[in-house]
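A.B. asks: Below: one structure in structure tokens.
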Amino acid sequence: MNISLDNQVAVVTGGSRGIGAATVRLFAEAGAKVVFSYRHAARQARELAEALGGSGQALAVRANAAKMADARRLVTTATQRFGRLDILVANAGIWNYQPLPIQKMAEKDWDEMMAVNLKGVYSVIHHAVPQMIRQQGGRIIVVSSTAGQRGEAFHTHYGASKGGVIGLVKGLSTELAPHHILVNCVAPGWIDTDMATPVVKNRREYRQAISAIPLGRFGKPEEVAMPILFLASTLSTYMTGEIVNINGGNVLCG
């Protein structure tokens with residue numbers, strides 16, 4: 001069975017690279033019109049939009065989802081351009097490669113992590129939900145992390161931000177269910193993206209990370225994008241408030 005998103009309109013934050021770009025590609029291939037945001041990777045965003053047929057199928061918008069005005073502009077672009085909004089994927093996020101003990105964590109470190117990883121999710125959902133309520137339906141899929149479930153030493157602000165995302169998903173799933181809006185979450189482990197590049201290039205750290213993964217490798221961005229596509233499709237109409245773990249068996253959560 002092929003998954004079809006024909007006549008659907010999607011917004012994907014952080015869509016120029018990694019998991020976001022893989023999601024944009026799969027959505028477009030499934031027939032959706034996709035508006036995706038980027039912050040710095042203008043070339044990659046432009047190339048992705050062009051590869052998918054230009055602005056007719058995928059449209060890149062420079063926006064920082066952590067800023068309410070940018071999040072509103074992103075959602076408004078989708079609704080004005082295509083007339084509706086059916087799917088929101090809140091994917092944009094950051095992670096600190098260098099270990100950062102809590103006693104050395106500056107206020108700016110904490111604030112930036114929370115702004116991008118947690119406020120950025122809140123802000124784009126805040127602006128998308130009214131349109132979905134008017135349509136009496138929609139899908140919201142948030143990208144969290146295994147760190148949001150088990151925590152991560154020396155990256156505690158990252159784990160806290162991703163744990164906050166999971167709490168947001170749980171609460172919104174019941175709040176928005178009467179409007180037929182399904183809210184779910186994917187929690188990736190180690191995925192071979194730009195974010196993980198420093199670890200991949202460090203042979204000792206890479207071997208250590210691989211040793212904890214039963215499948216013996218990092219995941220591919222497409223291996224996260226495919227479950228996201230499933231959650232956006234008619235194959236998941238009775239799922240809400242769920243966390244889909246995608247980590248090669250590294251973290252087994254009940």
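A.B. asks: Of all residues in the stretch 173-203, count the ones that are surrounded by 19 or more Cβ atoms within 10 Å (Cβ to Cβ) and either over 23 Å from Y97 (Cα atoms) or modelled with pLDDT of 90 or more (or both).
C.D. replies: Selection size over the stretch 173-203: 12.
A.B. asks: Tell me which helices (runs of 4 or more DSSP H) are completely within the stretch 179-236 and hold 3 or more residues being over 20 Å from R17 (Cα atoms), or say none if there are none.
C.D. replies: 203-211
A.B. asks: Consider A232 carefully, then state whether it is under 13 Å from the mean Cα position of the chain (by Cα) and among the aliphatic types (A, V, I, L, M).
C.D. replies: yes
A.B. asks: Which of the residues belonging to the stretch 1-38 are touching a Ser or Thr at 6+ places or on another chain (Cβ under 6 Å), among the β-branched types (V, I, T) and either over 17 Å from T77 (Cα atoms) or surrounded by fewer than 24 Cβ atoms within 10 Å (Cβ to Cβ) (or both)?
C.D. replies: I3 - this is the single residue of the stretch 1-38 that is touching a Ser or Thr at 6+ places or on another chain (Cβ under 6 Å), among the β-branched types (V, I, T) and either over 17 Å from T77 (Cα atoms) or surrounded by fewer than 24 Cβ atoms within 10 Å (Cβ to Cβ) (or both).
A.B. asks: Which residues, counting only those in the stretch 165-181, are touching a residue at least 24 places away in the same chain (Cβ under 8 Å) and either under 23 Å from P221 (Cα atoms) or more than 15 Å from the chain's Cα centre (by Cα) (or both)?
C.D. replies: V165, I166, V169, K170, L172, S173, T174, L176, A177, H179, H180, I181
A.B. asks: Give me a count of the residues in the stretch 1-38 that are free of Cβ contacts under 8 Å to residues at least 40 places away in the same chain and part of a helix (DSSP H, G or I).
C.D. replies: 3
A.B. asks: Look at T77 and say whether it is closer than 21 Å to A232 by Cα, out of contact with any helix residue (DSSP H, G or I) (no Cβ under 8 Å at 6 or more places or on another chain) and either surrounded by 15 or more Cβ atoms within 10 Å (Cβ to Cβ) or at pLDDT 95 or above (or both).
C.D. replies: Yes; evaluated as a whole, the condition is true for this residue.
A.B. asks: Which of the residues belonging to the stretch 39-69 are assigned to a helix (DSSP H, G or I), surrounded by fewer than 20 Cβ atoms within 10 Å (Cβ to Cβ) and under 19 Å from the mean Cα position of the chain (by Cα)?
C.D. replies: Correct list: A42, Q44, M68.
A.B. asks: A further question on this structure: Of all residues in the stretch 91-113, count the ones that are out of contact with any Gly (no Cβ under 7 Å at 6 or more places or on another chain) and closer than 23 Å to P188 by Cβ.
C.D. replies: 11
A.B. asks: Filter the stretch 124-161 for residues that are touching a Lys or Arg at 6+ places or on another chain (Cβ under 9 Å), polar (S, T, N, Q) and either in a loop (DSSP other than H, G, I, E, B) or under 13 Å from V183 (Cβ atoms) (or both) and give the result.
C.D. replies: S144, S145, T146
The values are calculated or read from the model by the stated rules, or taken from the named source; none is laboratory data. Note that the structure is predicted; figures quoted are calculated from it, not measured. Positions of Cβ are backbone-derived with ideal geometry, glycine not excepted, and every protein chain shown enters the neighbour counts.
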